[in-house]
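Participant: Once you've had a glance at the structure underneath, I'll fire off some questions.
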């Protein structure tokens, strides 16, 4: 990857690696998530979302901009608008198999239905695919998603926004909703794991009255090999008075499944009983067979945990080192990269947070980058700025979100080459 010298260096708090701001102009920009690089397959471009505002949540029909950044030339241009976005993961921008395929969510406001846009950002040619996108497979040929329009039922910030009365509701475990896989080439879409099938693997629901529950899909993540996915199922009791953003009311229960793309080899790898003391941000190890996450099995907070894709061997990686943020394991097997929320113990207490570089041999760590994550006003937690540090395909470069002191979101890239040797 070659970074133009037109991008200003970020030097606040003396970073341990070179860091550049990729969105120095207008701001209000975010990249997708800690499990997906914003960089194109060739490494020439980055795709980010520019929010229209930062002081409120999007209303149905609000448009954001899809921005293409030329990393070599130091230039950016708006290549599309989308009405299928929220404030944490934007429009779920993903690259397809090449630099001519950019995928993201949008909403047709005439019918209030969501769809996927398949855009050539270099020519402007676009096509529409049915359904939604959460994540593209590593080769860019397949899309995974749950029902993006229903995601706001359990948590704001991750799906698409429809009018409340047009947002579908799941009472019980429907057999027509769950994990969908879509071909990027043909647009063919298939339900490979229904919520009706999922509840059969949730011990607490085997003999339960399912009509007393609302049950939804959420995260769907590919392993690096593209032969297995994580699929998160969330549920809450129907009697709860709230109908949206139930995570903010402490009412959710989580089960994390692993599954082959064809719907076979199902496992409830991390059932809801494991999440009683909190936990978040599960992801695959580079080997594609183990999972990493933060889990609150200790009275004094989170730890970094690992577990096999089949649920075997759930254990902390270390008993004393606190977990935080959005952790990933580097393929060298030695290092964990993560950030933190502004309120976590490892944060600095002044609106800045670390990018933590944790050595799994010595269990020592250093703050590689310290970055601001607060914009004002922030009327709700869904407007928080999470760095979401995400590795590029070479596992050298890291994209992350942050605030430089000018009260707006920006996207940065750090070169971890000096730390990797």
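We did not get these values from a lab; they are worked out from the coordinates using the rules stated. A quick note: this is a predicted structure, and the numbers were derived from the prediction, not measured. Ideal geometry is used to build each Cβ from the backbone, glycine not excepted, and the neighbour counts take in all protein chains shown.
Participant: I want to verify a result. In a Gaussian network model of the chain, Cα cutoff 10 Å, which of these has the top mean-square fluctuation: 320, 300, 120?
Facilitator: 300
Participant: A follow-up question, please. Inverting the mean 1/r over all pairs of different Cα atoms, compute the Kirkwood radius of the range 155-194 and quote it in Å. Don't skip to the answer; put the middle values down first.
Facilitator: On the way: mean 1/r = 0.0804 Å⁻¹.
One over the average 1/r among Cα pairs gives 12.4 Å for the range 155-194.
Participant: Sticking to Cα atoms, compute the Rg of the range 345-386 to one decimal and its Dmax as the biggest Cα-Cα distance, whole number, in Å.
Facilitator: Cα radius of gyration and Dmax of the range 345-386 are 13.0, 42 Å respectively.
Participant: On to the next question. What percent of all Cα-Cα pairs in the range 269-381 falls into each 5 Å bin, going from 0 up to the bin containing the maximum distance?
Facilitator: All Cα pairs considered, the percentages come to 2, 12, 21, 23, 19, 12, 7, 3, 1.
Participant: When the convex hull of the Cα atoms of the range 178-272 is projected onto a plane and the area is averaged over all directions, what value comes out in nm²? Walk me through the intermediate numbers first.
Facilitator: Working: hull surface 28.1 nm².
The directionally averaged projection comes out at 7.0 nm².
Participant: Something else: Could you state the number of Å between the C-alpha centres of the range 8-60 and the range 247-303?
Facilitator: Measuring centre to centre over Cα atoms gives 27 Å.
Participant: Separate question: Cα atoms only, the chain: Rg and Dmax in Å?
Facilitator: Cα radius of gyration and Dmax of the chain are 20.1, 62 Å respectively.
Participant: What is the percent of Cα-Cα separations in the range 78-136 that go past 15 Å?
Facilitator: On the way: 767 of 1711 pairs.
Cα-Cα pairs in the range 78-136 separated by more than 15 Å: 45 percent.
Participant: Let me ask something additional. Assuming R0 = 35 Å, what is the FRET efficiency of residue 420 and residue 264, from their Cβ-Cβ distance, to the nearest 0.05? Please list the in-between numbers first.
Facilitator: Details: r = 36 Å, r/R0 = 1.04.
Rounded to the nearest 0.05, the efficiency is 0.45.
Participant: Roughly how many nanometres apart are two label points built 7 Å out from the Cα toward the Cβ at residue 53 and residue 276?
Facilitator: That separation, rounded to one decimal, is 4.4 nm.
Participant: If the elastic network links every pair of Cα atoms under 10 Å, which of 206, 161, 256 fluctuates the most in the Gaussian network model of the chain?
Facilitator: 206
Participant: Only Cα pairs within less than 10 Å get springs; with that Gaussian network setup on the chain, which residue of 323, 333, 157 has the largest fluctuation?
Facilitator: Residue with maximal mean-square fluctuation among 323, 333, 157: 333.
Participant: Now a separate question. Any chance you could run the full-extension gain for residue 25 through residue 407? It's 0.36 nm times the residue separation minus the Cα-Cα distance, nm to one decimal.
Facilitator: Details: separation 382, 0.36 × 382 = 137.52 nm, distance 1.30 nm.
In short, 136.2 nm is gained.
Participant: Also, I was wondering about something else. Can you pull the Rg over Rh of the range 51-192, Cα-only, Kirkwood? Please list the in-between numbers first.
Facilitator: Working: Rg = 15.0 Å, Rh = 15.6 Å.
Radius of gyration relative to Kirkwood radius: 0.97.
Participant: Further, regarding this structure: First check a/c for the range 157-227, with a ≥ b ≥ c the square roots of the eigenvalues of its C-alpha gyration tensor; if it is under 1.5, answer rounded, and if not, answer prolate when a/b is larger than b/c or oblate otherwise.
Facilitator: Numbers: a/c = 2.06, a/b = 1.28, b/c = 1.61.
Verdict is oblate for the range 157-227.
Participant: Among rounded, prolate and oblate, which fits the range 2-56 when a ≥ b ≥ c are the square roots of the eigenvalues of its C-alpha gyration tensor, a/c under 1.5 means rounded, and a/b larger than b/c means prolate? It would help to have the intermediate numbers written out before the result.
Facilitator: Numbers: a/c = 1.62, a/b = 1.15, b/c = 1.41.
Note, shape of the range 2-56 comes out oblate.
Participant: Moving to a separate point now. Sticking to Cα atoms, compute the Rg of the range 210-342 to one decimal and its Dmax as the biggest Cα-Cα distance, whole number, in Å.
Facilitator: 15.2, 48
Participant: Further, regarding this structure: Before rounding to the nearest 500, sum -39500 (n - 2.57) across all DSSP H runs of length at least 4 in the chain and divide by the residue total; then give [θ] at 222 nm in deg cm²/dmol.
Facilitator: Details: 2 runs with 8 residues, N = 421.
Counting only the DSSP helices, I get -500 deg cm²/dmol.
Participant: Which distance in nm do the two modelled labels at residue 240 and residue 109 give, with both placed 7 Å along the Cα-to-Cβ direction?
Facilitator: Going from the residue 240 label point to the residue 109 one covers 3.0 nm.
Participant: In nm², what is the average projected area of the convex hull enclosing the Cα atoms of the range 1-114? All intermediate terms of the calculation are to be shown ahead of the outcome.
Facilitator: Working: hull surface 32.7 nm².
Over all viewing directions, the range 1-114 projects a mean Cα-hull area of 8.2 nm².
Participant: If you build the convex hull over the alpha carbons only and average its shadow over all orientations, what do you get for the range 345-421? Give it in nm² to one decimal. Intermediate results must be reported in sequence, preceding the final value.
Facilitator: On the way: hull surface 24.7 nm².
Spelled out: convex hull of the Cα atoms, projected over all directions, averaged, 6.2 nm².
Participant: Any idea what diffusion coefficient the range 104-256 gets from Stokes-Einstein, in µm²/s, Kirkwood Rh on alpha carbon pairs, 10 °C, 1.306 mPa s?
Facilitator: Working: Rh = 16.2 Å.
So the translational diffusion coefficient is about 98 µm²/s.
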